[in-house]
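Student: Before anything else, here's the structure in question.
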Amino acid sequence: METTVSLVQMLDARERRVQHQQELFDAIAASETLPSEDAYKLGVFLRDLTAQDVLDAQSRYSELFDRGRSTSLHLFEHVHGDSRDRGPAMIDLIKTYEQAGLFLAPGELPDYLPVMLEFASTQTPQIARSFLGEMAHLLNAIFNALQQRKSPYASVLGALLELAGEQAHA
């Protein structure tokens, strides 16, 4: 699922500047799973993102995703908050990843959306779609929060919902 890998790179703060810009444009354009309208929105998003000053882009990203619970990319935060249920859920997710051959780097949290998308990208399209579908209600909540903030990142969440077989809705 090359499209999923592209979306990981757009969402991952560790990608200080989106690497391999042309490859991402090509993957989005060649996607057979994204509607052309979503592909266009992602292309515009990517163009605008890579045109930004690196420090400004990092600051905006941090302000958007690290300082607001409603836009957090740590999905279990939306479900469990800071409750004790979050730990066992993380352990279960790590086991799922490891059974599929994906081992996390030290410090990586399994509920971080880019990590979840990396896992999905290693699965068959049917399994990846089902996996993304399980979190569609969370993706839609983040999509809505991003839309309320008029964030261009909403287009990335909208594309993820399409890949999950869902439609983004307010």
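Student: Does Gln99 meet the test of being under 28 Å from Ala39 (Cβ atoms) and surrounded by fewer than 18 Cβ atoms within 10 Å (Cβ to Cβ)?
Tutor: Answer is no for this residue.
Student: Confirm whether Ala89 is part of a helix (DSSP H, G or I), over 16 Å from Leu163 (Cβ atoms) and modelled with pLDDT under 90.
Tutor: Here the answer is yes, as Ala89 does meet what is asked.
Student: Just the residues that are open to solvent by less than 90 Å² (accessible area, probe 1.4 Å) and of a type in the set (Phe, Trp, Tyr), please, taken from the stretch 25-71.
Tutor: Once the filter is applied, which keeps residues that are open to solvent by less than 90 Å² (accessible area, probe 1.4 Å) and of a type in the set (Phe, Trp, Tyr), the stretch 25-71 yields Phe25, Phe45, Tyr61, Phe65.
Student: Moving to a separate point now. Which number in (1) of a type in the set (Asp, Glu); (2) in a helix (DSSP H, G or I); (3) over 25 Å from Lys150 (Cβ atoms) marks the one condition that Asp56 misses?
Tutor: Among (1) of a type in the set (Asp, Glu); (2) in a helix (DSSP H, G or I); (3) over 25 Å from Lys150 (Cβ atoms), Asp56 violates only (3).
Student: Sticking with this structure for a sec: Criterion first (closer than 15 Å to Glu134 by Cα and out of contact with any Phe, Trp or Tyr (no Cβ under 7 Å at 6 or more places or on another chain)) does Val115 satisfy it?
Tutor: no
Student: So in the stretch 72-86, with the set limited to residues that are in a loop (DSSP other than H, G, I, E, B) and over 17 Å from Leu157 (Cα atoms), which one is least open to solvent (accessible area, probe 1.4 Å)?
Tutor: Gly81
Student: Another question, if that's okay. Cβ-Cβ below 8 Å, separation at least six or inter-chain, first residue in the stretch 41-58 and in contact (Cβ under 8 Å) with a residue 24 or more places away in the chain, second charged (D, E, K, R) and open to solvent by 60 Å² or more (accessible area, probe 1.4 Å): which pairs?
Tutor: Thr50/Arg17; Val54/Arg16; Val54/Arg17; Ala57/Arg17; Gln58/Arg16
Student: Okay, moving on. In the list Leu161, Leu138, which residue meets the criterion of being open to solvent by less than 40 Å² (accessible area, probe 1.4 Å), touching a His at 6+ places or on another chain (Cβ under 7 Å) and either aliphatic (A, V, I, L, M) or part of a loop (DSSP other than H, G, I, E, B) (or both)? Walk me through it before giving the result.
Tutor: Working: Leu161 fails: touching a His at 6+ places or on another chain (Cβ under 7 Å).
The conditions single out Leu138.
Student: Just the residues that are of a type in the set (Asp, Glu) and without any contact (Cβ under 8 Å) to a residue 40 or more places away in the chain, please, taken from the stretch 112-170.
Tutor: Result: Glu134, Glu166.
Student: Can you tell me which residue among Ser130, Ser155 is within 19 Å of Leu7 (Cβ to Cβ), assigned to a helix (DSSP H, G or I), open to solvent by 40 Å² or more (accessible area, probe 1.4 Å) and of a type in the set (Gly, Ala, Ser)?
Tutor: Numbers: Ser155 fails: open to solvent by 40 Å² or more (accessible area, probe 1.4 Å).
Result: Ser130 is the single residue among Ser130, Ser155 that is within 19 Å of Leu7 (Cβ to Cβ), assigned to a helix (DSSP H, G or I), open to solvent by 40 Å² or more (accessible area, probe 1.4 Å) and of a type in the set (Gly, Ala, Ser).
The values are calculated or read from the model by the stated rules, or taken from the named source; none is laboratory data. Only a predicted model underlies this, so the values are computations on that prediction, with no experimental measurement involved. Note that we place each Cβ from the backbone using ideal geometry, even for glycine, and neighbour counts take in every protein chain shown. The area values use the complete protein model at the heavy-atom level, side chains included, leaving out ligands, DNA and RNA. Shrake-Rupley method; radii C 1.70, N 1.55, O 1.52, S 1.80 Å.
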